[in-house]
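To start, the structure under review is shown below, and the notes come after it.
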Amino acid sequence: MEATPKDPYRVSAYVYDLFVSSANSGLKRRRLDMAPARPEMQVLDVGCGTGSDLGLYAREGCRVHGVDVSPTMLRIARKRLGEDADLRLCSAVDLPHENDSLDLVLASYTLH
């Protein structure tokens, strides 16, 4: 029987927005300038964490999708984004989305 890996963000997820999300609020505004939201736009955030970036697009009427390896982060994102958000527990290696089904893909804070 394979052991379930521990969630490395099980503790830090609850304070993540205080330190990371709020510190990068200027970058978030800049991102919206560079990739403006349009209603019904399909937006995927790879490594969506608590869903704070997706929340910006959801408020503008976009359909939001997120993937993350942390169940704890996804629980927080679900509370923030609601049941309409397509949130999935998976890695960026094998994304569960069809080719050409998305208008914008974000990967902030994941490649370091």
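Values for this structure:
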{"quantity": "Residue check, Leu27 in contact with a helix residue (DSSP H, G or I) (Cβ under 8 Å, 6 or more places away or on another chain), open to solvent by 20 Å² or more (accessible area, probe 1.4 Å) and not acidic (Asp, Glu)", "calculated": "no"}
{"quantity": "Search result, residues across region 27-57 that are modelled with pLDDT under 80 and within 18 Å of Thr110 (Cα to Cα)", "calculated": "Leu27, Lys28"}
{"quantity": "Residue match in region 82-97 (condition: basic (Lys, Arg) and under 18 Å from Asp7 (Cβ atoms))", "calculated": "yes"}
{"quantity": "In region 76-112, the residues that are in contact (Cβ under 8 Å) with a residue 24 or more places away in the chain and among the basic types (Lys, Arg)", "calculated": "Arg78, Arg80"}
{"quantity": "2 or more residues farther than 18 Å from Arg31 by Cβ and open to solvent by 80 Å² or more (accessible area, probe 1.4 Å): qualifying strands (runs of 3 or more DSSP E) within region 49-112", "calculated": "86-89"}
{"quantity": "Some residue of region 99-106 being among the polar types (S, T, N, Q), over 9 Å from the mean Cα position of the chain (by Cα) and more than 16 Å from Ala13 (Cα to Cα)", "calculated": "yes"}
{"quantity": "Residue in region 55-71 that is more than 20 Å from Tyr16 (Cα to Cα) and among the polar types (S, T, N, Q) present", "calculated": "no"}
{"quantity": "Verdict on Leu18 being out of contact with any His (no Cβ under 7 Å at 6 or more places or on another chain), open to solvent by 70 Å² or more (accessible area, probe 1.4 Å) and assigned to a helix (DSSP H, G or I)", "calculated": "yes"}
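The values are calculated or read from the model by the stated rules, or taken from the named source; none is laboratory data. Remember, predicted model here, so these are calculated numbers, not experimental data. A quick note on method: Cβ atoms are made from the backbone with ideal geometry, for glycine too, and the neighbour counts reach across all protein chains shown. Quick note on the areas: whole protein, heavy atoms, side chains included, nothing else; ligands and nucleic acids left out. Shrake-Rupley method; radii C 1.70, N 1.55, O 1.52, S 1.80 Å.
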